[in-house]
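Input: a single structure, listed below in structure tokens.
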Amino acid sequence: MKIVCVGRNYSEHAKELSNDVPTEPVIFLKPATALLFAGAPFAYPDFSTDIHYEAELVFRIGRGGKDIPESSALEHVDAVTVGLDFTARDLQSKQKKAGLPWEIAKAFDGSAVVGKWIPLPSDVADVRFSLLMNGDVVQQGHSADMLFAVPEVIAYASRFFTLQPGDLIFTGTPAGVGPVKRGDVLDGFLEGEGVFSLIIQ
Ligand code: MN
């Protein structure tokens, strides 16, 4: 099982990190060991002092495939939720500056939080989600604002990586990312329904 993530998929977020708006999806992977199911606490790692939350829509692959066409891509998806792409921003900035890969900043244990699975809605281009930190709304997203919609991401990623049942697609974060500290509580909502509540330890 692998986790396929899209970076810079919302233009306002690309801008807040001073990144160019991409013309092709920016893809990176996390291993299965990065997965943290909602309900378990997130243990703040000792290798970073600047862990950021990134709330994202997460789609689950139900049927595998390679070179999946955009037109049938959604037939390969069986559920959606909100998740967190935890990022060690200090390490990521250092790696980016040196032109080095991001994995240590992005793919560490517990860095991929997933909420409760919800059946796929009829229109994946019209899904709203939000993240609350300690009761305050810190991120709000709408799938219509993605630079690369879910079918495009699946078609693109499956050119390189065979997708298998159980693989997850993290579709990028809207603007509003920020740091967490021990004791913070993060609550994820999909269309107003709570899908996870997580404490930072
Ligand atoms: Mn992300």
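The values are calculated or read from the model by the stated rules, or taken from the named source; none is laboratory data. None of the values given here were measured: they were computed from a predicted structure. All Cβ positions, glycine included, derive from the backbone under ideal geometry; neighbour counts span all protein chains shown.
Would you list the strands (runs of 3 or more DSSP E) that sit entirely within segment 48-88 and hold 3 or more residues that are away from the ligand (no atom under 16 Å from the Cβ)? Can you show your working first?
Numbers: elements: 51-53, 55-61, 77-85.
In segment 48-88, 77-85 are the strands (runs of 3 or more DSSP E) which contain 3 or more residues that are away from the ligand (no atom under 16 Å from the Cβ).
Scan segment 1-33 residue by residue and report those that are among the small types (Gly, Ala, Ser) and either within 12 Å of the ligand (Cβ to nearest atom) or surrounded by 15 or more Cβ atoms within 10 Å (Cβ to Cβ) (or both). Break it down into steps so the answer makes sense when it comes.
Step one: list which residues in segment 1-33 are among the small types (Gly, Ala, Ser), which gives 7, 11, 14, 18, 32.
Gly7, Ser11, Ala14 - these are the residues of segment 1-33 that are among the small types (Gly, Ala, Ser) and either within 12 Å of the ligand (Cβ to nearest atom) or surrounded by 15 or more Cβ atoms within 10 Å (Cβ to Cβ) (or both).
Hey, any hits in segment 55-65 for a residue that's closer than 17 Å to Trp102 by Cβ and modelled with pLDDT of 90 or more? Talk me through it step by step, then tell me what you get.
Of the residues in segment 55-65, the ones closer than 17 Å to Trp102 by Cβ are 56.
Then keep just the ones that are modelled with pLDDT of 90 or more; that gives 56.
Yes, the conditions are met somewhere in segment 55-65.
For segment 107-129, name all the residues that are under 13 Å from the mean Cα position of the chain (by Cα) and under 13 Å from Glu193 (Cα atoms). Even if it seems obvious, please write down each step before you answer.
Residues of segment 107-129 under 13 Å from the mean Cα position of the chain (by Cα): 107, 110-115, 129.
Matches in segment 107-129: Gly115, Phe129.
Any idea which of (1) closer than 22 Å to Ile154 by Cα; (2) surrounded by fewer than 16 Cβ atoms within 10 Å (Cβ to Cβ) is the one Pro45 doesn't satisfy?
The failed condition is (1).
Can you list residue pairs whose Cβ atoms sit under 8 Å apart, with the first residue in segment 1-29 being within 28 Å of Thr162 (Cβ to Cβ) and in contact (Cβ under 8 Å) with a residue 24 or more places away in the chain and the second being surrounded by 21 or more Cβ atoms within 10 Å (Cβ to Cβ) and polar (S, T, N, Q)? Count only pairs 6 or more apart in sequence or on different chains.
Close Cβ pairs (under 8 Å, with a partner that is surrounded by 21 or more Cβ atoms within 10 Å (Cβ to Cβ) and polar (S, T, N, Q)) amount to Val6/Thr171; Asn9/Thr171; Asn9/Thr173; Tyr10/Thr173; Pro25/Asn9.
Quick one: what pairs do we get from segment 168-195, first residue surrounded by fewer than 21 Cβ atoms within 10 Å (Cβ to Cβ) and of a type in the set (A, V, I, L, M), second at pLDDT below 95 and not in a loop (DSSP other than H, G, I, E, B), C-beta under 8 Å, 6+ apart or different chains?
Ala175/Glu12; Ala175/His13; Ala175/Lys15; Ala175/Glu16; Val177/His13; Val177/Glu16
Could you check segment 137-167 and list, in sequence order, the residues that are of a type in the set (A, V, I, L, M), part of a strand (DSSP E or B) and touching a Ser or Thr at 6+ places or on another chain (Cβ under 9 Å)? Please lay out each step first, then the result.
Filtering segment 137-167 down to residues of a type in the set (A, V, I, L, M) leaves 137-138, 144, 146-147, 149-150, 153-155, 157, 163.
Next cut, part of a strand (DSSP E or B) only: 137-138, 163.
Once the filter is applied, which keeps residues that are of a type in the set (A, V, I, L, M), part of a strand (DSSP E or B) and touching a Ser or Thr at 6+ places or on another chain (Cβ under 9 Å), segment 137-167 yields Val137, Val138.
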